[in-house]
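So the structure is just underneath, and the comments pick up after that.
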Amino acid sequence: MGLPAAAATPFSFRIDFTYLDSMTTTSTAPAREGVASLSLADAATDPAGFAGAIGASFERYGFAVVADHGIDAGVIARADAAARAFFALPEEVKRRYHLPGTGGARGYTPFGTEAAKDATAVDLKEFWHVGRELPAGHSFAAFMAPNLWPSEVAEFRGALLALFAAFDAAGLRLLSAIARYMGLAPDFFDDKVAEGNSVLRLLHYPPVPADAPGIRAGAHEDINTITLLLGAEEAGLEIRLADGSWLPVSPREGELVVNVGDMLQRLTNNVLKSTTHRVRNPAPERRGRSRYSMPFFLHFRPDFLIETLPGCTGADRPNLHPQPITANDYLLQRLREIRLL
């Protein structure tokens, strides 16, 4: 799908395209144009231009890098410190917060639990999930379990809820741009993600031995609507292109990596791409270092019916997903595929 008329005007702001090498640093292949590197501040001054740029990157690559996202550096630093403090706790302490059989929706998921769909080896990571806080008696309580909070890290709850709220706000701004790109009203997604089943994940990839079976995160696509990722400055994140090659995504300090999830791909009839990506193991000289990151998986409301947008079908684009499905049913289906349920 090309740009809607409103977004087809020349961009009035600088677009800094990252040029990415191929999978290895020794490759002699020519550099290729990569995902767009944009400033979210431009969404206020030139909303059509920003929407055109990020939408085009999502349509081609499924990814974009976003600076000036409005998430306070202090909020990020406090959340990062709390996450590192938790992961530094003894294994037996961390496992007190593991709830088997819940799909890892809340609390701690131990190292070596999650695996990419169809993978033969588990991922080399451990993580913690924070979900949306709901008032008592909320109608979505059946879909969103209460959060767990580790008593060993006093500032954990406040730091992570502050980051969750900041991610939520940034996500709405990005969804507004996506709506513009798709020719929809800028507030199209607002009620569809209000009180959505979004999840903040704190990730720790421990040091990797030379003989490690598998990689830090196997090739996969995200389940949700869009993902906002902090902490990808450490090398490892790669996306798979149509020709099967892998290219790294290398944001600058504090920038967001944003990507399309399967739910949005399904809603747009694959116009916007949920791209396969992975986190490869580090180079030998960095195997002894941990990697930390904080992705925010922005979800639709559990009861939202994911049904192909009318403007995304036509004679040359048949409906690839003719059977509608609720966001919650789709989530459960995918969690079973990655062995969390």
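The values are calculated or read from the model by the stated rules, or taken from the named source; none is laboratory data. Everything numeric here is computed off the predicted structure, so don't read it as measured data. A quick note on method: Cβ atoms are made from the backbone with ideal geometry, for glycine too, and the neighbour counts reach across all protein chains shown. SASA here: full protein model, heavy atoms, side chains in, ligands and nucleic acids out. Shrake-Rupley method; radii C 1.70, N 1.55, O 1.52, S 1.80 Å.
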Within the range 30-140, helices (runs of 4 or more DSSP H) holding 2 or more residues that are farther than 30 Å from Ala154 by Cβ and open to solvent by less than 20 Å² (accessible area, probe 1.4 Å)
47-60
Restricting to the range 160-177, and then to whatever is touching a helix residue (DSSP H, G or I) at 6+ places or on another chain (Cβ under 7 Å) and closer than 16 Å to Asp46 by Cβ, can you tell me which residue is most open to solvent (accessible area, probe 1.4 Å)?
Arg173
I'd like the residue in the range 291-308 that is assigned to a loop (DSSP other than H, G, I, E, B) and of a type in the set (Phe, Trp, Tyr) and, out of all such residues, is nearest to Phe86 (Cα to Cα).
Phe300
Contacts under 7 angstrom Cβ, first residue in the range 242-258 being within 21 Å of Arg78 (Cα to Cα), partner in a loop (DSSP other than H, G, I, E, B) and aliphatic (A, V, I, L, M), 6 or more apart:
Pro251/Ala232; Val257/Ala232; Val257/Val249
Got at least one residue in the range 190-207 being touching a Lys or Arg at 6+ places or on another chain (Cβ under 9 Å) and hydroxyl-bearing (Ser, Thr, Tyr)?
yes
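In the range 141-159, which residues are in a helix (DSSP H, G or I) and open to solvent by less than 60 Å² (accessible area, probe 1.4 Å)?
Phe156, Gly158, Ala159, listed by residue number.
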Return the only residue of Gly288, Gly311 being part of a loop (DSSP other than H, G, I, E, B) and surrounded by fewer than 18 Cβ atoms within 10 Å (Cβ to Cβ).
Gly288
Please work out if His204 is in contact with a helix residue (DSSP H, G or I) (Cβ under 6 Å, 6 or more places away or on another chain) and of a type outside the set (Asp, Glu).
yes
Looking at Leu320, Leu331, which is the one that is outside any strand (DSSP E or B) and surrounded by 15 or more Cβ atoms within 10 Å (Cβ to Cβ)?
Leu331
